[in-house]
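Heads up: the structure comes next, in C-alpha cells.
The values are calculated or read from the model by the stated rules, or taken from the named source; none is laboratory data. In this text, all values refer to a predicted model and were calculated from it rather than measured experimentally. In this analysis, Cβ positions are derived from the backbone assuming ideal geometry, glycine residues included, and neighbour counts consider all displayed protein chains. We work out accessible area using only protein heavy atoms, side chains counted, and drop any ligands, DNA or RNA first. Shrake-Rupley method; radii C 1.70, N 1.55, O 1.52, S 1.80 Å.
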Amino acid sequence: MEQVHGKFGRGFRKWWRDLPPNKKKYFLNVIKENRRKIGITILSVITLSGIYYITHLEETPITKRKRFMAFNSKQLEKINQFELQRIMESVGNQILSPYHPDARRVQTVVNRILDANKDLEEMRKRKWGIAVIDSPVENAFVLPIGYVFVFTGMLKLCTNDDQLGAILSHEIAHCIQNHGAENVSFTHLLDLFSIVIIAAIWAVVPSDAISLLTHWLYEKSLEVSDLYDKMKC
C-alpha cells in the first residue's frame, strides 16, 4: 500500500506544480471561501466510508489477515459462476478432452496438490474441476469456485510435473484466499469513495477549480486501482 500512497502523493504534487499561477490562485481562493462547506462534506464522506469499510471487514482463511470484502458469499458465487460461463463460452472449442494426455497430466498434478492439503476446509468445500486449453499462451489460472484452467503453452514451458505443480499451487493459493474478490472489492471501494466525494464537493461548491480537482481525483483513483491489482498478482 505504501507504493499506492506514494504514487497518489507524487501525482498530486505534479498536478499542482503544472497548474498555471492564475489557476492556483483561483483554486486557493475558492477553497478559502468555501473551506467550511468543503471540510464538512469531506469529513462526512470519510466518516460514512469508514463505517462502510469497518462493517465489511473479514478474516482471510488460513492466514487470518483482516481485509475488506464488498460482496457476501452468495454474491460472489453468482459472480464466479458468471465468470466461469463466460470463459467456457469463449474457449469452449479449444478445451481438450479429459482423456487427452495433457488433461490427464494436469488432473494428476491437481490431485496431488489437493491430497496434500485435504486437511484445509477451503480445499474440501470446493468442487474442483480442470480445463486444459489448446493455446500457445503460457498461462494458468484458477477461478475462486475451484476451476483450474491451464493453457498448453504453459505445459510446454514446464519441463516436469514439479514445475507445473509449483505454478498451480500458487494459483490455487490465490483461489482459496479469494484474492480475486479482494481486488474487486478494493476497486469497488475506491470507485465508490471517489465518486461520492467528487459528487458531494461538486454539489456544494460547483466551480471550474473544483471541476479540475475532481477530474484529477477520478483519474488518479483509476490509476491507483490498476496499480493495486498488479501488486496483488
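Scan the range 110-136 for residues that are in contact (Cβ under 8 Å) with a residue 12 or more places away in the chain, farther than 28 Å from Val184 by Cβ and not acidic (Asp, Glu) and jot them down.
Arg112, Pro136
Any residue in the range 137-166 that is more than 13 Å from Asp102 (Cβ to Cβ) and assigned to a loop (DSSP other than H, G, I, E, B) sitting within a Cβ distance under 8 Å of a residue that is open to solvent by 10 Å² or more (accessible area, probe 1.4 Å) and of a type in the set (Asp, Glu)? List the pairs, counting only those 6 or more apart or interchain.
Once the first residue is more than 13 Å from Asp102 (Cβ to Cβ) and assigned to a loop (DSSP other than H, G, I, E, B) and sits in the range 137-166, its partners that are open to solvent by 10 Å² or more (accessible area, probe 1.4 Å) and of a type in the set (Asp, Glu) give Leu143/Glu83; Ile145/Glu77.
Looking only at the range 83-101, decide whether some residue is under 16 Å from Gly165 (Cα atoms), of a type in the set (Phe, Trp, Tyr) and either at pLDDT 80 or above or open to solvent by 90 Å² or more (accessible area, probe 1.4 Å) (or both).
Scanning the range 83-101, I find no residue that is under 16 Å from Gly165 (Cα atoms), of a type in the set (Phe, Trp, Tyr) and either at pLDDT 80 or above or open to solvent by 90 Å² or more (accessible area, probe 1.4 Å) (or both), so the answer is no.
Going by what's in this entry, would Asn29 be described as open to solvent by less than 30 Å² (accessible area, probe 1.4 Å) and either modelled with pLDDT under 85 or among the hydrophobic types (A, V, I, L, M, F, W, C) (or both)? Give the derivation first.
Working: open to solvent by less than 30 Å² (accessible area, probe 1.4 Å): no; either modelled with pLDDT under 85 or among the hydrophobic types (A, V, I, L, M, F, W, C) (or both): yes.
Taking the combined requirement at face value, the residue does not satisfy it.
Take the range 171-195 and flag every residue that is at pLDDT 90 or above and of a type outside the set (D, E, K, R).
Step one: list which residues in the range 171-195 are at pLDDT 90 or above, which gives 171-172.
The answer is Ile172, and nothing else.
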